[in-house]
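Report on the structure given below.
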Amino acid sequence: MGVAIRRAGEADREDVTRLLDEAFQDDPVSSWVFPDEDHRRRTHPLLMGAFLDLVLDAGHVDVTEDGSACALWLSIPAGAHEEDEEGPARLREAVDPGNERVELIARLTAEVHPAGAAHEYLWMIAVRPGRQGEGLGTALIQHVLERCDGEGRAAYLEASGERSRGLYERLGFGFTGRAVALPAGPLMWPMWREPVRRPLGELSDGA
């Protein structure tokens, strides 16, 4: 049975923010940004909400019909990847002004973001704890990758763990060669996927 996917809107903001918070509370990168657990419980939802607002404004959010998983995507045009120099500082000020790591992670990921070809950027993907391992995340990614293949468009993301990196490799992503090394923290792996050229008339196997 396929996974029903729809486009999220402003009315979904509260539910999607909660989903992102639940999914990433104990993620290695979130734990690095907010090392104090009590502070993370209070402040992490603000960061997730800020990320969601950015993507709702400039990209799109796919969510499974039952609300158990979501994917945040930005469409990056061809040409030089222009940086918003003040964006990371504004993010820090809005979320956690005393925490330089909020700003630093935004700057470090921006530094390694590829420039040149147009691509779809998977900003974040989240699956509710207890529903992980059911293929929901894969379905959300493939939903966009099929369109990328049809349009001849590349895709990009940053993996935040070995498990997720393995999943993305199975979907055709490859490590770009330059990891993001968070100071005294975990690694993040930028990954790129070229579109798959399918023969004309190729039929789905119905899987």
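Going by the conditions given, is Glu85 at pLDDT below 90, of a type outside the set (Gly, Ala, Ser) and part of a loop (DSSP other than H, G, I, E, B)? Criteria met by Glu85.
Taking the conditions (1) assigned to a helix (DSSP H, G or I); (2) over 13 Å from the mean Cα position of the chain (by Cα); (3) over 21 Å from Val180 (Cα atoms) in turn, Asp66 satisfies each one other than (1).
Cβ separations smaller than 7 Å between residues 6+ apart or across chains give the following pairs from the stretch 165-177 residues that are of a type in the set (S, T, N, Q) to residues that are part of a loop (DSSP other than H, G, I, E, B): Thr176/Pro114.
For the stretch 6-48, residues that are crowded, with 18+ Cβ neighbours inside 10 Å and assigned to a strand (DSSP E or B) total 0. Out of curiosity, is Val3 surrounded by 19 or more Cβ atoms within 10 Å (Cβ to Cβ), among the β-branched types (Val, Ile, Thr), in contact with a helix residue (DSSP H, G or I) (Cβ under 9 Å, 6 or more places away or on another chain) and outside any helix (DSSP H, G or I)? So Val3 does not fit the description; no. Please verify whether Val95 is of a type outside the set (S, T, N, Q), under 21 Å from Glu10 (Cβ atoms), touching a residue at least 40 places away in the same chain (Cβ under 8 Å) and touching a Cys at 6+ places or on another chain (Cβ under 7 Å), treating the condition exactly as stated. No. Selection over the stretch 119-160 of residues that are of a type outside the set (Ser, Thr, Tyr) and in a helix (DSSP H, G or I) gives a count of 15.
A single member of Glu162, Glu158 is of a type in the set (Asp, Glu), out of contact with any His (no Cβ under 6 Å at 6 or more places or on another chain) and at pLDDT 95 or above, and it is Glu158. Condition test on Glu120, is it crowded, with 17+ Cβ neighbours inside 10 Å and among the acidic types (Asp, Glu)? Answer is yes for this residue.
The values are calculated or read from the model by the stated rules, or taken from the named source; none is laboratory data. Quantities reported herein were computed from a predicted structural model and do not represent experimental measurements. Reconstructed Cβ throughout: ideal geometry from the backbone, glycine too, with neighbour counts over all protein chains shown.
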